[in-house]
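Here's the structure we're looking at; comments come further down.
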Amino acid sequence: MGTLKGKLEERLPFMSIIAPKLFKEKWSIQWDNIKYNQNRLITLFDLHATLRDLLMNQLKLHNNNNNIDFIKIFNKIHRNWQINPSHGLSLFNKIPLNRNCDDAYISSHWCVCLKWIKIDHNNNNNNNLIYNSNDLIIKSTNVIITKINEMIIKYKPNLTKNGQCSMIKLYQIKSVEQAILPQDMVRFIRSQDEDGRIPMFQEQSTSSWSLLDWIKKFNILNNNNNNINNNIFNHDFIHESILLRIHIIVQPEYAHFEATVKVNITQHSLNNFHVMDISRIDLYEQHNWCLSDNEWAETKQYCICQKYT
């Protein structure tokens, strides 16, 4: 697990829960909560807490005769768990959406939660550092606009007689953020003990640097021709990437989009601007009236209908 990708795979295992039909019927609320928790931060501590919860509920169900010995055993287990509480939350209850690694008792070197750092893209300072970072942001934004227009063109043949989807143009870059991974996770090499509690770190990693750190260190974008500066070739990395979250306002109708762009940096170029996700933030139903209600659902959020003239 020496690569960043390997570290992420190691820390993000797949888990599947298959419940008996009887469980779904008798414990319908708990089953609904399990399904609700699909896209939440979950740990093995939570599985342990769930098994505890399951055991306690089963013990309650089976003590129909109020057996004294049974009650003593139950109370002993309950007291022991109060003295030694679980670090986890039972999956039979709803896990908070804003849960973080500290809340879940995840050590920093096992944490993969992204931290988003706001970038001041409106800074008019003549410093080359700010100029170059803005150049990268503008390139990323252009890729987003192109991607949305490609989606519109893709569905252009499927139009109603009422109108067509307008091609969009950038009106404003509303905000820009860059994601960084926890430094301890990036620098983690291996565990020094059998239980995996004592981490071993490498001395330095640049994977969690901010966007401005990258540009300042390697002068990534040249001020004149936007080429990669040779300083970057001397660094000993194979590949790195920058993850940007950009909010844009476009014309027509001042539509508001949020997009995540991954910018891959290689030894030879800063290239491969990959749009990972696009979401329409404002209410868009009033703008896609020219599309059928039951067709072209994928393009509804991109479409801003324009009447024929």
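The values are calculated or read from the model by the stated rules, or taken from the named source; none is laboratory data. Fair warning: this is a prediction, and the values are worked out from it, not measured in the lab. Here the Cβ is made from the backbone with ideal geometry for all residues, glycine too, and neighbour counts use every protein chain on show.
Below are the figures for this structure:
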{"read-out": "Subset of the range 117-154 (residues that are at pLDDT below 80 and either among the aromatic types (F, W, Y) or within 30 Å of N39 (Cβ to Cβ) (or both))", "value": "H121, Y131, K154"}
{"read-out": "Cross-chain or 6+ apart pairs with Cβ under 6 Å, the range 140-154 first and within 16 Å of I173 (Cα to Cα), then outside any helix (DSSP H, G or I) and not aliphatic (A, V, I, L, M)", "value": "S140/F273; V143/F273; I148/Y302"}
{"read-out": "Wholly enclosed helices (runs of 4 or more DSSP H) of the range 1-114 bearing at least 1 residues modelled with pLDDT under 90", "value": "4-11, 21-26, 44-62, 68-83"}
{"read-out": "Extreme residue, modelled with the lowest pLDDT, among residues of the range 230-255 that are in a strand (DSSP E or B) and more than 18 Å from the chain's Cα centre (by Cα)", "value": "H239"}
